[in-house]
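Below is one structure, written out as structure tokens; the observations come after it.
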Amino acid sequence: MIFGRLFRKKNNNQTIVDRQYAALTAAARMPDLYERLNVPDTVMGRFEMLSIVMILFFRRTRTSAVSGQEIAQEIVDAFFQDIDYSIRELGIGDNSVPKRMKKLAGMFYGRLEAYSKAMDAGDREALALALQRNIYPESPAPADVSGLAGWMMAAEAHLSAVPEEMIASGAATLPPVV
């Protein structure tokens, strides 16, 4: 029993992380994102939207207290565990999973950097261009994603107004598409 307590992972935040992760994934699945804002309803389109909501949450919690930052890191960890599980469910062999995970992690952190740069500058046009490059990488005539860029800016403003208590309890939400 002592060894169980000694080596057990601290899981004090698990309920909070589960609640917040569920809210974020629900936000990434809002039908209007796909129907009105030109995100393709494909495996990669879903990855893009999950990445976007994780990035928005991660950006919000960068100014949070230590507990909020810990929760954010655990949510990003849950995101990558979810991706790992999804890759395996798609039938990707065990030997290929680490290589795919490394590629997807690189894509996520590249998006974090590109979107953050545009959002920090308040540049909706640059954000839309980054979104087009990532959501439609090989399309000669990609769909207009300026509405998605606008939603991201509005979502960031919405999240910035979320009180720390809501972050700490896993109750932060993202706004609907308007």
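The values are calculated or read from the model by the stated rules, or taken from the named source; none is laboratory data. These numbers come from a predicted model, not from an experiment. Note: ideal-geometry Cβ built from the backbone for every residue, glycine included; neighbour counts use all protein chains shown. We work out accessible area using only protein heavy atoms, side chains counted, and drop any ligands, DNA or RNA first. Shrake-Rupley method; radii C 1.70, N 1.55, O 1.52, S 1.80 Å.
Counting only alpha carbon atoms, the long axis of helix 124-135 and the longest principal axis of the chain meet at about 70°. Charge tally for L56 (other residues, Cβ to Cβ under 15 Å; Lys, Arg +1; Asp, Glu -1): +3.
Taking all protein chains into account, the per residue accessible area for the chain stands at 57 Å² (1.4 Å probe). For segment 19-178, the convex hull drawn through the C-alpha positions has a volume of 112 cubic angstrom per residue. Computed from Cα positions, the angle between helix 43-61 and the longest principal axis of the chain comes to roughly 70 degrees.
Once both labels are positioned 7 Å from their Cα atoms along Cα-to-Cβ, the gap between D77 and A143 label points is 3.5 nm. Keeping the other protein chains in place, figure out the carbon and sulfur percent of the accessible area of segment 1-122, with a 1.4 Å probe. Ligands and nucleic acids excluded, carbon and sulfur reach 55 percent.
The phi-based Karplus calculation (6.51 cos²θ - 1.76 cosθ + 1.60; θ = phi - 60°) puts the 3J(HN,Hα) values of segment 14-28 at 4, 5, 5, 4, 4, 5, 5, 4, 4, 5, 5, 5, 5, 5, 5 Hz, whole numbers, x for Gly and Pro. Taking a ≥ b ≥ c as the square roots of the Cα gyration tensor eigenvalues, with a/c under 1.5 meaning rounded and otherwise prolate when a/b beats b/c, else oblate, which class fits segment 45-140? It is oblate, given that a/c is not under 1.5 and a/b is not larger than b/c.
Summed over qualifying helices (DSSP H, 4 residues or more, each -39500 (n - 2.57)) and divided by its residue number, the chain shows a 222 nm mean residue ellipticity of -23000 deg cm²/dmol. Relative to the dominant Cα principal axis of the chain, helix 97-120 is inclined by about 60°.
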